[in-house]
1. Would you call residue 593 in a helix (DSSP H, G or I), touching a helix residue (DSSP H, G or I) at 6+ places or on another chain (Cβ under 8 Å) and at pLDDT below 85?
2. Looking at (1) basic (Lys, Arg); (2) surrounded by 15 or more Cβ atoms within 10 Å (Cβ to Cβ); (3) under 30 Å from residue 94 (Cα atoms), which is the only condition residue 270 fails?
3. Give region 219-240 a look and list any residue that's buried (at least 19 other Cβ atoms within 10 Å of the Cβ) and either without any contact (Cβ under 8 Å) to a residue 40 or more places away in the chain or assigned to a helix (DSSP H, G or I) (or both), or say none.
4. All but one of (1) buried (at least 20 other Cβ atoms within 10 Å of the Cβ); (2) in a helix (DSSP H, G or I) hold for residue 619; which doesn't?
5. I'm trying to understand the selection: among the residues of region 67-82, which are in contact (Cβ under 8 Å) with a residue 24 or more places away in the chain and surrounded by fewer than 18 Cβ atoms within 10 Å (Cβ to Cβ)?
6. Would you point out which residue out of 687, 705 is buried (at least 24 other Cβ atoms within 10 Å of the Cβ), among the aromatic types (Phe, Trp, Tyr), within 29 Å of residue 434 (Cβ to Cβ) and out of contact with any Pro (no Cβ under 6 Å at 6 or more places or on another chain)?
7. Select from region 581-590 the residues that are within 20 Å of residue 478 (Cβ to Cβ) and modelled with pLDDT of 90 or more and write down the one among them that is surrounded by the most Cβ atoms within 10 Å (Cβ to Cβ).
Amino acid sequence: MPPPDSRRRLLAGLWGTILLGCALLLGWLLRDGLPADTRLTAMLPEDRRAPLVERADDQLGQAFAERFVLLLDAPSLAEAAADLAATLQAAGGERPLLERLDWRASDLADGGPGERLGESRYRLLTGEVRRAIDADGGRSLVAPALRALFSPAAPADPVADPFGLRDRWLAARATSPVQARDGLLTVVDDDRSQALMIGHLAASPYDLAAQASLTSALDAFRASHPEATLTRSGLVFHAAAGARQARGEITTIGLGALAGLLGALLAVFRSPRAIAQMLLPLATGLLLALPLTLLLFGRLHLLTLAFGASLIGIAIDYALHLQCRRAVQGRHFRLPSLLPALALGLASSLVAYLAQALTPMPGLRQMAVFAALGLAGAWLTVVLWLPRLRLDAPPATARLARGWWRRTGPRGGLSPRLALVGLLLVVGLIAWRLDTDDSLALLNPSPAELLAEERALQALLGRDTGRRYLLVTAADEPRLLERLEGLGTTLDRWRDQGAGFTVHNLADSVPSPARQAADLERVRRLYDEPLAELVARAGLPPRTLDRARARLEAVPLLDVEAWLASPLGRHQRRLWLGESPDGVAALILLTDLPAGDAAEALDSRLQALADARPGVTYVDRAARLGRLLGELRGQIAGWLGGALALLALSLTWRYRGRTWRVLTPPLGGVLGVLGVYALAGVPLNVFSQLGLLLVLGIGLDAGIFGAEAEGRAATWLAISLSTLTSLLAFGLLAFSATPALHYLGLSCLIGLALVWCLVRWAAPGTETSPAETADADTP
């Protein structure tokens, strides 16, 4: 068996080989650039219990993701629109930004939508025509048909469609506010025409190059047309805003933490070389975390990088303890005396991070894995490399450690009675006043201006991505269409009774086979005496009657596939899910819903309607995701309690009756955050709880070192520096404009400050006099 020193050299070399392999792997993974992800939706939990609902949500958001909409208002509208179109079409250079741009009236020409329906037209009747035929056999339709036959504008076809049934049906489907004017696609707002442009992206809206190309193109247009106004809608704009914000926060948070860290280390160690040695674990931790995270997840979320910047505050903790101990003990320092505390500190931090890795949120799992790998890499460097590096520690560091010990912290230990009273008061305050918040606003960092533009444009176009819908399933297409019709009849009745909303139902365009058969029979009745009367009054040849009736001999059914393939039908493709585990599925989309109490009442009615019908599920997308976040919040609370209980049992095995000293800083920090939130009226959310996991991990780290060190000045200086760097790294997140990171940082800012205060009180040896401590630490 090799001697210990040879074994340590072998392990240090092996660690160096692993890092070299990570460097090569990182270079290979980055050969085409960093595969970054800016989707904030990656933070959301995966709802594995409702895959069909997930499909529906994805489909409703697909058009919003794949394209963007611009509304242009300018004095010279045609000229400005042409310039904007040319700018967008040229964007991206060799890698074009757009697959297609629709902005001229000819771009959306449907090429005769009625002809695409074929002979199925005789099975399609509007409600008005259906009621007229049921009332008098259709005689009331003769007079308007006679006028249409002799209309110079659009004469009816006396053979194919003498009563204009097709045109009536198409008119009921054409509800778009988009109009053709001067060759442009326009929308009228307050009697003012604005040009509409629909851009179809050639790449993902999360593609950073596409975001940059679109932003540059719009900035160039605004610079050359300052009189023009642009209103934007599309996921690509929100993704670009999130990416800009994430990049800015990576810079400010990472560099801010690094600047504060360097300043503190320089003041304590007075040596750039010592600072470089302590930053080495951070560098190696990131070198391990980056390639392995990319290998596991395929892409790296920018929020992971922002969170990874916060590793500055904790990855250096182990190096701080080692260097402070070496600076004070000098040649008497031995690593084995510090190794148990280092190992327990790493274990406690990994428990806190890996608890996040067990959540169902892909983005948070990635952040947790990245952090855990980074900490493990930093720890290995501290244990295997730093003891072998020479440190020239100035005497000022030892004097500073002893002086800091004498000047900070209480002279007596923590009174158990006082601690129990404080614990009961805080728990009571938490139970009385603490509230929760599971709103999706936590995941939406988009600027208020962009959100306002989005709402204004969606209201003007009468379309949105669909927050509420009914998910309908059936064994086959005919039965599905019948269910859609039944639901549509109920919803139309509610609307007629004053419930304000708009229904988008596929069965309004594709009736069930039963209804199509009934409507065809109605048309045959219409083509009996009413058609004979029309032909006679119009003075048409008698053979016209036979030719028209012959069209009804073999009329094909209109099915969903044929309708969705037509120009008009493509706008309803988002309502059709197709095959499902239960057969086939479709959506009834509800838009323009009321707000406030009326919305809650309507939600209750819709939920009751879905519960009473087989194969129907009511989905409020925002409420559902909010519930999932609430469930996740409950899961994190469980993980928090479970991690604390597990660590308490593990620590009891080592510390016996002193376990409370180790647990007081993390537990006090967590309860203190909750108490401050309750007192200030700040609701608790899932990201606040993730911050509490970090407080728990870092607090346990500090409690373990405090208990192991028994109040020695070197360890107290290291704990203070470690808390300061953690406050810089995680506390700075409290100033993030991303709500999720803001609340995570706020929990850390409050909790870590409390941890620092409680470590000195709870650590053994606080009753030791400064003189005794100085003598004990003197080499």
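The values are calculated or read from the model by the stated rules, or taken from the named source; none is laboratory data. None of the values given here were measured: they were computed from a predicted structure. Don't worry about glycine lacking a Cβ; one is built from the backbone with ideal geometry, like all the others, and counts go over all protein chains shown.
1. Numbers: in a helix (DSSP H, G or I): no; touching a helix residue (DSSP H, G or I) at 6+ places or on another chain (Cβ under 8 Å): yes; at pLDDT below 85: yes.
No; evaluated as a whole, the condition is false for this residue.
2. Checking residue 270 against (1) basic (Lys, Arg); (2) surrounded by 15 or more Cβ atoms within 10 Å (Cβ to Cβ); (3) under 30 Å from residue 94 (Cα atoms), the one that fails is (3).
3. 221, 235, 236, 237, 238, 239, 240 - these are the residues of region 219-240 that are buried (at least 19 other Cβ atoms within 10 Å of the Cβ) and either without any contact (Cβ under 8 Å) to a residue 40 or more places away in the chain or assigned to a helix (DSSP H, G or I) (or both).
4. (2)
5. 73, 75, 78
6. Working: 705 fails: within 29 Å of residue 434 (Cβ to Cβ).
Step by step, each of 687, 705 is checked, and only 687 is buried (at least 24 other Cβ atoms within 10 Å of the Cβ), among the aromatic types (Phe, Trp, Tyr), within 29 Å of residue 434 (Cβ to Cβ) and out of contact with any Pro (no Cβ under 6 Å at 6 or more places or on another chain).
7. Within region 581-590, the first condition is being within 20 Å of residue 478 (Cβ to Cβ), and the residues that meet it are 581-588.
After this cut, where a residue has to be modelled with pLDDT of 90 or more as well, the list is 583-588.
Numbers: 583: 14, 584: 20, 585: 21, 586: 27, 587: 23, 588: 24.
Among those residues, the one meeting the criterion is 586.
A quick yes/no check of all residues on (1) on the phi > 0 side of the Ramachandran plot; (2) at pLDDT 85 or above; (3) within 54 Å of the chain's Cα centre (by Cα):
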{"residue": "125", "(1), (2), (3)": "no, yes, yes"}
{"residue": "131", "(1), (2), (3)": "no, yes, yes"}
{"residue": "138", "(1), (2), (3)": "yes, yes, no"}
{"residue": "142", "(1), (2), (3)": "no, yes, no"}
{"residue": "163", "(1), (2), (3)": "no, yes, yes"}
{"residue": "171", "(1), (2), (3)": "no, no, yes"}
{"residue": "174", "(1), (2), (3)": "no, no, yes"}
{"residue": "181", "(1), (2), (3)": "no, no, yes"}
{"residue": "186", "(1), (2), (3)": "no, yes, yes"}
